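Since the structure comes first, as structure tokens, the remarks are kept for the end.
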Amino acid sequence: MRTLATHRRSKPGAGEPGLRAEIEALRVELAEAREVLRAVREGEVDALVGPGPDGRVYTLRSADHPYRVLIESMNQGAVTSKADGTILYCNARFAAMLKVPLQSLVGASLHRFLEPRDLPLLESLFARARKKSATEEVGLHAADKSEIPALLSVNLLPGQPADVFCLVVTDLTDQNIRNAELTAANRELEAFCYSISHDLRTPLRGINGFSRLLLTDHAKGLDDQAKSYLTRVRAATLRMSQLIDDLLGLSRVTRNGARFRRVDLSALARSIAAELSEKDLSRRVDVRIEPGLTAFGDEGLLRIALTNLFSNAWKFTGKHPKARIRFGVEGKGREDVYFLKDDGAGFDMAYVGNLFRAFQRLHDEADFPGTGIGLATVQRIIHRHGGRVWIKGAVEKGAVVRFTLEGKSSKRPRS
Amino acid sequence: MNGTEKFVLYVEDNPDDIELTAVSFEKCRFPYRMEVVHDGAEALDFLFASGKYKNRDKGDTPVLIILDLNLPKVHGLEVLRRIRATRWLKYVTVVVLTSSNEERDRVDAESLGANLYMQKPVDFDEFAKIAEKITGLLAAFPPRP
């Protein structure tokens, strides 16, 4: 048996003092290594940072803990799998979704739990996930042979020796049920509105028509009071007819789908103002519309909203020989705030809370006719666009309606 | 029933509407007799000479058909579809006169071949204008003898 000393003597120039120093150094290294091993074994170490291109951090179980709790308690299923679909890990939620015991899933193939027609989709997800996170709706195949609609979100975890994929699985069953219920409810609402409109208008026609015929064809048998009453009957039917139209309009805002795209608000406002002045050439109204206003929204709905607002401004300036209406935008911070100002009859701010409720009117029907639904419709449309609308006014000092639309709108730069 | 006289077929279930329409047309001095049927099935029986109209001459076609949409038994659009699918009826002028102003109904009626789609107005004065319009239409394009 060769001793260390004997072995060492063969090296040139070492000598005994060098040997002792070396042993001491080795002893220190050994003690340190033993200490590290002990610390690792007893869980005192949170992380080891190793060499490598991005300084890989390997965390141990104690540092993992919060993430494990997250994964195990979240509402979605979590799975890690190999490229060939072998399940390396999954959480209890995923097992519950598939109605199988957790233990039976580790090592099993994901392919078994996917509807066969969606297997190519899974392959495509894995392929796309190599570049960036990919998501698809698939059908999961549960143990009781039922199909579960699910959203699979796949991320790549590159590693050695092979890549691993992390999947987040969201059960879409409830969402699908709710969507179906919503669609059914909307359809019912549509049918209801349709039949109401038809059924309410029919007797109105009769009332209006027969009173008219009494006035024209049987005037001889009627005194002035009778004729006056009949005239009021007819006027009432026309008001009710307008009401039905306005109510239908209000319901249509919710019923119909909205197509969002860039809309030229200035052009829309100009065409509405032109229509209003054509209908009443006797009015002299000074309308100023800021040019270059665009917004992101549904053109049809925005037309209805602006028509309501302009009509109101037009109507409430009716008693002023020289009326002014202004439409523009105030850029306050991040959002564009559109405004429509008029210097007409205005209203008492004490009642401002009523204005957006359907049927609320603050003025005498005789002075300013209307059904009181206009602003409720405007509010619904603005809300549909994710915006806010508010109004300020003072008696005989006009009113200003301000609204925002999703905060995404912008002015085109003036050329 | 005089088979040689030109006539208009009016398909409408509401008796008030029938009365008001008849009076409106009278005031315009509408030159044709008005034949009224009260639901979609009766309209088809009349046009195709079946049921209670089996002794009619099918070839005696109306110069104009005024058609309501919301009819009992058979819907107005179905009646329209049958008319346009029938060789000897497909060129008859059809005016749809209905309560509805839903875009969908207008589109359906026009795509099924209605010549004119009008919403029944609540205001009788407007109703009278419609009667004048239809009378004018027939005067401008008199039916072939």
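Of note:
Results for (1) within 14 Å of another protein chain (Cβ to nearest Cβ); (2) polar (S, T, N, Q); (3) under 13 Å from the mean Cα position of the chain (by Cα); (4) open to solvent by 20 Å² or more (accessible area, probe 1.4 Å), shown as yes or no for each residue.
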| residue | (1), (2), (3), (4) |
| --- | --- |
| B:Lys90 | no, no, no, yes |
| B:Thr98 | yes, yes, yes, no |
| B:Arg106 | yes, no, no, yes |
| B:Ser111 | no, yes, no, yes |
| B:Phe127 | yes, no, no, no |
| B:Lys133 | no, no, no, yes |
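- Selection from segment A:337-384 of residues that are within 26 Å of A:Ser241 (Cα to Cα), open to solvent by 50 Å² or more (accessible area, probe 1.4 Å) and modelled with pLDDT of 80 or more: A:Gln379, A:Arg380
- Subset of segment A:70-108 [more than 24 Å from A:Pro120 (Cβ to Cβ) and in a loop (DSSP other than H, G, I, E, B)]: A:Met74, A:Asn75, A:Asn91, A:Lys99, A:Pro101, A:Val106
- Restricting segment A:192-207 to residues that are farther than 16 Å from B:Asn101 by Cβ and open to solvent by 60 Å² or more (accessible area, probe 1.4 Å), the residue that is farthest from the other protein chains (Cβ to nearest Cβ): A:Phe192
- Residue in segment B:28-44 that is within 14 Å of chain A (Cβ to nearest Cβ) and assigned to a helix (DSSP H, G or I) present: no
- For the residues A:Leu306, A:Leu247, the requirement of being closer than 25 Å to A:Arg187 by Cα and either assigned to a helix (DSSP H, G or I) or free of Cβ contacts under 8 Å to residues at least 40 places away in the same chain (or both) singles out A:Leu247.
- Hits in segment A:208-240 - residues which are under 25 Å from B:Asp68 (Cα atoms) and facing chain B (nearest Cβ under 9 Å): A:Asn208, A:Gly209, A:Phe210, A:Ser211, A:Arg212, A:Leu213, A:Arg234, A:Thr237, A:Leu238, A:Met240
- One residue alone among B:Leu69, B:Leu9 is within 12 Å of the chain's Cα centre (by Cα), among the aliphatic types (A, V, I, L, M) and away from chain A (no Cβ under 14 Å), and that residue is B:Leu9.
- A:Ser266 being under 32 Å from the mean Cα position of the chain (by Cα), within 14 Å of chain B (Cβ to nearest Cβ) and open to solvent by less than 30 Å² (accessible area, probe 1.4 Å): no
- Qualifying residue in segment A:141-149 (condition: free of Cβ contacts under 8 Å to residues at least 40 places away in the same chain, part of a strand (DSSP E or B), within 28 Å of the chain's Cα centre (by Cα) and surrounded by 14 or more Cβ atoms within 10 Å (Cβ to Cβ)): yes
- If you filter segment A:150-178 down to residues that are in contact (Cβ under 8 Å) with a residue 40 or more places away in the chain and farther than 18 Å from A:Lys82 by Cβ, you find that the one that is most open to solvent (accessible area, probe 1.4 Å) is A:Asp171.
- Boolean, A:Glu181 is over 23 Å from the mean Cα position of the chain (by Cα) and either within 11 Å of chain B (Cβ to nearest Cβ) or open to solvent by 50 Å² or more (accessible area, probe 1.4 Å) (or both): no
- Scanning segment A:246-257 for residues that are crowded, with 16+ Cβ neighbours inside 10 Å and either modelled with pLDDT of 80 or more or more than 12 Å from chain B (Cβ to nearest Cβ) (or both) returns A:Asp246, A:Leu247, A:Leu250, A:Val253.
The values are calculated or read from the model by the stated rules, or taken from the named source; none is laboratory data. Please read all numbers here as calculations on a predicted model, not as lab measurements. FYI the Cβ positions are ideal-geometry reconstructions off the backbone, even for glycines, and counts take in every protein chain you see. Accessible surface is based on the protein model in full, side chains and every heavy atom, while ligands, DNA and RNA are left aside. Shrake-Rupley method; radii C 1.70, N 1.55, O 1.52, S 1.80 Å.
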